[in-house]
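Q: Shown below is the structure under consideration.
Read-outs: derived from the displayed coordinates by stated rules, not from any lab. All values derive from a computational prediction rather than experimental measurement. Here Cβ is always computed from backbone atoms with ideal geometry, including for glycine, and neighbour counts include all displayed protein chains.
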Amino acid sequence: MEISKEYQKDELTVIWKPKKCIHSGVCVKTLPKVYDPNASPWIKPENASLEALKSQINACPSKALSYQEL
């Protein structure tokens, strides 16, 4: 079974699949207030707009990040 973690912001759920992650750093470079690898939890979706989150997630090269809208 694949491990995934979910982070909620309003009607958006950010889904992270660590085994797919290639550590390209696109997320951290694009939205450093949301993605902080030294923090726990490392994803804080409340620190960006829904549009910024969706745009960044769509740019994830490994597709380790995805989202689901309610």
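Q: Among the aspartates and glutamates, which fall within straight-line cross-link reach of Lys17, defined as a Cα-Cα distance under 19 Å, with same-chain neighbours fewer than 8 residues apart omitted?
A: Glu2, Glu6, Asp36, Glu69
Q: For the chain, what is the mean residue ellipticity at 222 nm derived from helices alone (per DSSP H run of n ≥ 4: -39500 (n - 2.57); sum divided by total residues; nearest 500 deg cm²/dmol)?
A: -5000 deg cm²/dmol
Q: With label points built 7 Å along Cα→Cβ from the Cα atoms of Glu69 and Asp36, find their separation and express it in nm.
A: So the two model labels end up 2.9 nm from each other.
Q: Which one, Thr13, Tyr35, Leu53, projects farthest toward the positive side of the charge dipole computed for the chain from Cβ point charges (K/R +1, D/E -1)?
A: Ranked along the dipole, the leading option is Tyr35.
Q: Further, regarding this structure: Just tell me which aspartates and glutamates come within less than 14 Å, Cα to Cα, of Lys33; anything on the same chain fewer than 8 places away is out.
A: Those aspartates and glutamates meeting the cut-off are Glu46.
Q: Counting only C-alpha contacts under 8 Å and six or more residues apart, can you give the relative contact order of the chain as a whole percent?
A: 40
Q: Residue-wise, which Karplus ³J(HN,Hα) couplings in Hz belong to the stretch 56-70, taking 6.51 cos²θ - 1.76 cosθ + 1.60, θ = phi - 60°, and x for glycine or proline?
A: Couplings: 5, 4, 5, 8, 5, x, 8, 6, 5, 9, 8, 9, 9, 9, 7 Hz.
Q: Can you give the charge dipole size of the chain about its Cα centre, rounded to the nearest 20 debye, using +1 on the beta carbon of Lys and Arg and -1 on the beta carbon of Asp and Glu? Display every interim value, and only then the final one.
A: Numbers: 10 positive and 8 negative charges, 70 e Å.
With only Lys, Arg, Asp and Glu charged at Cβ, the dipole is about 340 debye.
Q: When P(r) over Cα pairs in 10 Å bins from 0, in percent is calculated directly from the model, which label among (1) 17, 45, 24, 10, 2, 1, 0; (2) 19, 35, 23, 16, 6, 1; (3) 21, 62, 17, 0 fits?
A: Recomputing P(r) over Cα pairs in 10 Å bins from 0, in percent here gives the entry labelled (3).
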